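The values are calculated or read from the model by the stated rules, or taken from the named source; none is laboratory data. As the structure is a prediction and not an experimental result, all values here were calculated from the model. Cβ atoms come from the backbone with ideal geometry, glycine included; neighbour counts cover every protein chain shown.
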Amino acid sequence: MRHSSAHRTAPRRIASVAIAAGAVLGLVGTSTGAADAATPAHPSRADRPVIGGSEKPVGSYPFMAALLSKGRGNPHDRQFCGGSLLDSNVVMTAAHCVVDVQPKELETVVGRTVLSKKNQGQLRNVLDVVVHPRYARGQEAYDVAFLLLDKPVTGTAPVNLPTAGTDALIRPGAKATVIGWGNTDTEIPDYPDRLRAVDVPIVSHIECKASYPGYDKKVNVCAGVEGKDSCQGDSGGPLFRKLPGRRGVYQIGIVSYGDGCAAQGAPGVYTYTGSAKLWDTLGESAKGKKLKRLLGR
Ligand code: 4AZ
């Protein structure tokens with residue numbers, strides 16, 4: 001989010017996105033621990049690949065949403081942030097993606113993998129934008145907002161959220177996945193048309209606070225390692241885990257900010273969706289209270 005205003009000035013995206021994905025080169029697979037072992041500690045410029053993820057087949061992440069600025073152009077050029085389906089009528093995203101945007105200027109598509117494929121997924125207008133009442137421009141915490149859709153998304157299971165206040169899903173070292181259409185290259189910006197995913201380890205609150213003074217462990221969680229991270233354009237998208245024996249996935253974070261992408265000692269920062277404080281304080285605004293009721297939280 002500290003980069004969001006810059007993104008907003010970019011012609012192509014309101015906010016910015018991109019998953020830096022791909023781990024180092026396609027040589028090394030993407031989501032096995034082996035990739036890390038195979039990555040030189042100090043890759044030369046030439047072989048530093050950057051945010052290491054990989055492409056995903058259509059239908060892999062049906063709950064994924066893209067935020068598009070309305071217009072006639074190619075949706076790939078209009079995408080500026082990610083989001084996730086939280087309820088048939090609600091898409092969750094980052095506050096910094098939408099805080100300065102009118103609902104009329106926005107549309108969202110759920111279940112599309114290739115942005116330019118206009119017939120993929122379910123496209124919706126946005127009736128209202130509910131920004132977390134504690135989110136303050138220029139600050140980094142409480143970076144969550146909700147888009148109320150004009151009609152429900154059908155036939156798609158929303159993402160699950162962790163039980164608020166239980167931190168079992170953010171044990172440091174645990175493997176999570178982040179997805180998006182954000183930048184895949186830290187040297188030459190490259191925004192993919194097809195959704196990408198990268199596996200990232202959860203980082204401890206202590207390490208994260210050391211990297212980011214504004215980090216608030218009550219409402220944030222960090223993840224990432226050198227070479228694997230979310231990046232510009234991935235903002236608002238989900239960080240999630242698949243749990244053994246459970247259907248669907250559990251979203252533990254929302255892409256929020258970071259100091260660059262995929263650099264050593266600068267993991268990505270996420271809004272922590274299992275935070276009791278995040279959900280309690282959402283009720284401090286009238287719209288937030290209504291939304292909590294709608295979501296049964
Ligand atoms: C951004 O500018 C952004 N490495 C998103 C995620 C990260 C950094 C920046 C995390 O939207």
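All conditions but one from (1) over 28 Å from Lys118 (Cα atoms); (2) in a loop (DSSP other than H, G, I, E, B); (3) among the charged types (D, E, K, R) apply to Lys209; the one that does not is (2). For segment 210-232, does any single residue satisfy the condition of being in contact with a Cys (Cβ under 9 Å, 6 or more places away or on another chain), farther than 17 Å from Asp143 by Cα and of a type in the set (D, E, K, R)? Yes: one or more hits.
Only one of the listed residues (Ser275, Ser256) is more than 16 Å from the ligand (Cβ to nearest atom) and among the polar types (S, T, N, Q). That residue is Ser275. Quick one: would you say Gly248 is more than 13 Å from the ligand (Cβ to nearest atom), modelled with pLDDT under 95 and farther than 20 Å from Gly265 by Cα? Taking the combined requirement at face value, the residue satisfies it. Every condition in (1) within 9 Å of the ligand (Cβ to nearest atom); (2) of a type in the set (A, V, I, L, M); (3) closer than 12 Å to Val178 by Cα is met by Val198 except one, and the failing one is (1). Using the structure shown, decide if Asp216 is surrounded by fewer than 24 Cβ atoms within 10 Å (Cβ to Cβ), over 17 Å from the mean Cα position of the chain (by Cα) and either acidic (Asp, Glu) or not in a loop (DSSP other than H, G, I, E, B) (or both). Criteria met by Asp216.
Of all residues in segment 188-206, those being closer than 24 Å to Tyr142 by Cβ and in a strand (DSSP E or B) number 3. Looking at segment 209-237, which of the residues that are touching a helix residue (DSSP H, G or I) at 6+ places or on another chain (Cβ under 7 Å) and either hydroxyl-bearing (Ser, Thr, Tyr) or within 11 Å of the ligand (Cβ to nearest atom) (or both) is nearest to Tyr270 (Cα to Cα)? Ranking the candidates gives Cys222 first.
Could you tell me whether segment 42-50 includes any residue that is surrounded by fewer than 18 Cβ atoms within 10 Å (Cβ to Cβ), more than 16 Å from the ligand (Cβ to nearest atom), modelled with pLDDT under 95 and among the basic types (Lys, Arg)?
So far as segment 42-50 goes, yes, one or more of its residues are surrounded by fewer than 18 Cβ atoms within 10 Å (Cβ to Cβ), more than 16 Å from the ligand (Cβ to nearest atom), modelled with pLDDT under 95 and among the basic types (Lys, Arg).
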